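Everything below concerns the one structure shown next.
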Amino acid sequence: MAQLIDGKQLSTQVLQEVASEVELLRAEYGIVPTLAVVLVGEDPASQVYVRNKVKRAEEAGVCSIAHRLDAECTQDALNQLIDVLNNDSQVHGILVQLPLPSHLDEEEVIAAINPVKDVDGFHPLNVGALAAGRASLVPCTPQGCMIMLRQVHSDLSGKNAVVVGRSNIVGKPMAALLLQADCTVTIAHSRTKNIESLCRNADIVVAAAGRAELINADWIKPGATVIDVGINAIDLDGKRKLMGDVAFESVARIAGAITPVPGGVGPMTIACLLLNTTRAARRQLA
Ligand code: GUN
């Protein structure tokens, strides 16, 4: 059976690092790293994510302030809130929970965030910095995946890595981080031909396609490391179940190491968000 990469446990280590940095910033500079979380509308999944982020922040000593706007809010109102948060020196990090209701322009909102407060790493300046190998604030989920990979691989150089999925939030920044770590990187997606054989040739597979149990044991090279970013809520016999993009039971028999869902990438994402908040706070000291 594959080694289990325990995201819950690993995230507590990252959160301890965050807590120590919070304490340093308080003792040396008298500041409390503060994260503003903006939630527009009532998307149930987003509400759960935001609640979890606020709870973990509290535990690590990061101050979090949730701003809830109703689903009909205008682009102007949202931009104005971003403007207020940009200009508030007590706020070090700004996160706008995605997706936004369809009448709002996500790109415009992300571009409006002050890049030094962009703890999601989604602002074009931060995206460009990462692509150019000068990463500043790095998207949280891929950052968490890299910490998990380094638990298994002390040296990633020369590894064949396949990222399944090409989203701006996960797939693309994940590929950039793997490339920065000297992996040979392939991005596979819904139009990719021979996706199975591409994956079967990989030392590392990062599954971020958003399709429940897309990847089964036939896709995996014996001993490969499999990181499952998927969180798919599926109705099974009238019960809601969280499923990854990886068929865990079968793949765990083939892989060398694997992350579970839940308890894998999810907790790491939140821990990295808080890490980014302390980093952003420190950078704003000068
Ligand atoms: N929605 C799903 N994942 C994310 C994320 O990492 N950041 C934000 N802001 N919204 C999300």
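The values are calculated or read from the model by the stated rules, or taken from the named source; none is laboratory data. Quantities reported herein were computed from a predicted structural model and do not represent experimental measurements. So basically every Cβ, Gly included, is an ideal-geometry build from the backbone, and we count neighbours across all protein chains shown.
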Selected residue (criterion: nearest to the chain's Cα centre (by Cα)) from residues of region 98-115 that are surrounded by fewer than 20 Cβ atoms within 10 Å (Cβ to Cβ) and either near the ligand (Cβ under 10 Å from one of its atoms) or in contact (Cβ under 8 Å) with a residue 60 or more places away in the chain (or both): 98
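Out of all the residues in region 232-255, is one or more of a type in the set (Lys, Arg) and assigned to a helix (DSSP H, G or I)?
Taking every residue of region 232-255 in turn, none turns out to be of a type in the set (Lys, Arg) and assigned to a helix (DSSP H, G or I).
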Among residues of region 132-148, those that are in contact (Cβ under 8 Å) with a residue 24 or more places away in the chain, under 27 Å from residue 83 (Cβ atoms) and surrounded by fewer than 21 Cβ atoms within 10 Å (Cβ to Cβ), counted: 1
Region 37-65, residues that are within 16 Å of the ligand (Cβ to nearest atom) and over 19 Å from the mean Cα position of the chain (by Cα): 40, 41, 42, 65
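Would it be correct to say that residue 158 is modelled with pLDDT of 95 or more, loosely packed, with under 13 Cβ neighbours inside 10 Å, over 27 Å from residue 26 (Cα atoms) and over 20 Å from the mean Cα position of the chain (by Cα)?
Details: modelled with pLDDT of 95 or more: yes; loosely packed, with under 13 Cβ neighbours inside 10 Å: yes; over 27 Å from residue 26 (Cα atoms): yes; over 20 Å from the mean Cα position of the chain (by Cα): yes.
It is true that residue 158 is modelled with pLDDT of 95 or more, loosely packed, with under 13 Cβ neighbours inside 10 Å, over 27 Å from residue 26 (Cα atoms) and over 20 Å from the mean Cα position of the chain (by Cα).
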Extreme residue, farthest from the ligand (Cβ to nearest atom), among residues of region 147-167 that are in a helix (DSSP H, G or I) and of a type in the set (Val, Ile, Thr): 152
Qualifying residue in region 17-34 (condition: at pLDDT 95 or above, within 16 Å of the ligand (Cβ to nearest atom) and surrounded by 13 or more Cβ atoms within 10 Å (Cβ to Cβ)): no
Unmet criterion (only one of (1) assigned to a loop (DSSP other than H, G, I, E, B); (2) under 19 Å from the mean Cα position of the chain (by Cα); (3) not aliphatic (A, V, I, L, M)) for residue 173: (1)
Selection within region 125-146 - within 15 Å of the ligand (Cβ to nearest atom), part of a helix (DSSP H, G or I) and out of contact with any Ser or Thr (no Cβ under 7 Å at 6 or more places or on another chain): 127, 130, 142, 143, 145, 146
Of residues in region 1-59 being in contact with a helix residue (DSSP H, G or I) (Cβ under 6 Å, 6 or more places away or on another chain) and basic (Lys, Arg), the one farthest from residue 82 (Cα to Cα): 8
Flag if residue 120 is touching a helix residue (DSSP H, G or I) at 6+ places or on another chain (Cβ under 8 Å), part of a loop (DSSP other than H, G, I, E, B), modelled with pLDDT of 95 or more and surrounded by 14 or more Cβ atoms within 10 Å (Cβ to Cβ): yes
Flag if residue 121 is small (Gly, Ala, Ser), within 12 Å of the ligand (Cβ to nearest atom) and within 21 Å of residue 169 (Cβ to Cβ): yes
